[in-house]
Amino acid sequence: MNSSSSSTDAFDLVPDDKNKLTLKRAGQDDVHDVRIRRAFPWSNAQSFVSIRSSDGKEIMMIEDVAALPQGVRQTIESYLAGTVRIPRIEGIVAIDVRFGFQEWSVKTDRGPVSFRVQEREDIRFMNDGRFSIKDAEGNIYELAPLDKLDDHSRKAVESLI
């Protein structure tokens, strides 16, 4: 397997009846149960997508998903959409700051959640205006840019960033 392969090499991704993907390339053995991962899921979601074996070894790196043939591109986008597990915070109910940590109560696209943020550094500004928030358990949440939040949510978070 050559990890220096790029999206210019012809390949196909074929799902089986259990929706596991097989990587097919001319002149090479098929690789079953491959995984697709974004290298930069927050800042550059359509570039540098990795295809990995089931044990995590990188098989190839796709530099630009948009440059792929439509069928392969749709398979990758569909697979990635089904694996995204980062809840989006849609509103902040309350943020209670005490004893050096923050207790957040929020509404997400998956329902209400409460979590603890240990350090100010666990709230990271992203280049596109969104925020990445890591809780004390290591879970990641996405927060919209401040100008997209309702007044209550924006005021609750402004003093923390």
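The values are calculated or read from the model by the stated rules, or taken from the named source; none is laboratory data. Note that the structure is a prediction, hence the values are computed from the model and not measured. Cβ coordinates were reconstructed from backbone atoms using ideal geometry, including for glycine residues, and neighbour counts include every protein chain displayed.
A few comments on the model shown:
- Look at (1) assigned to a loop (DSSP other than H, G, I, E, B); (2) more than 15 Å from Pro87 (Cα to Cα) and you find that Gly138 fails only one, number (2).
- So Thr108, is it touching a strand residue (DSSP E or B) at 6+ places or on another chain (Cβ under 6 Å) and within 30 Å of Val49 (Cα to Cα): yes
- Subset of the stretch 40-69 (residues that are farther than 23 Å from Gly129 by Cβ, small (Gly, Ala, Ser) and touching a residue at least 24 places away in the same chain (Cβ under 8 Å)): Ser53, Ala67
- Selection within the stretch 43-93 - in contact with a Leu (Cβ under 7 Å, 6 or more places away or on another chain) and within 30 Å of Leu149 (Cβ to Cβ): Ile89
- Residue selected from the stretch 7-16 under the condition surrounded by 13 or more Cβ atoms within 10 Å (Cβ to Cβ) and in a loop (DSSP other than H, G, I, E, B), by the criterion modelled with the highest pLDDT: Phe11
- With respect to the conditions (1) under 30 Å from Lys24 (Cβ atoms); (2) surrounded by fewer than 17 Cβ atoms within 10 Å (Cβ to Cβ), Ile51 falls short on a single one, namely (2).
- Matching residues, the stretch 63-102, being β-branched (Val, Ile, Thr), at pLDDT 90 or above and closer than 25 Å to Ala10 by Cβ: Val65, Val72, Thr75, Ile76
- Cross-chain or 6+ apart pairs with Cβ under 8 Å, the stretch 134-161 first and over 17 Å from Arg88 (Cβ atoms), then assigned to a loop (DSSP other than H, G, I, E, B): Ala136/Gln118
- Looking across the stretch 57-86, the residues that are of a type in the set (Gly, Ala, Ser) and either over 28 Å from Asp109 (Cβ atoms) or touching a His at 6+ places or on another chain (Cβ under 7 Å) (or both) come down to Ala67, Gly71.
- Residue identified as in contact (Cβ under 8 Å) with a residue 40 or more places away in the chain and either outside the structural domain of Arg154 (by TED's automatic domain parsing) or surrounded by 11 or more Cβ atoms within 10 Å (Cβ to Cβ) (or both) among Arg124, Arg130: Arg130
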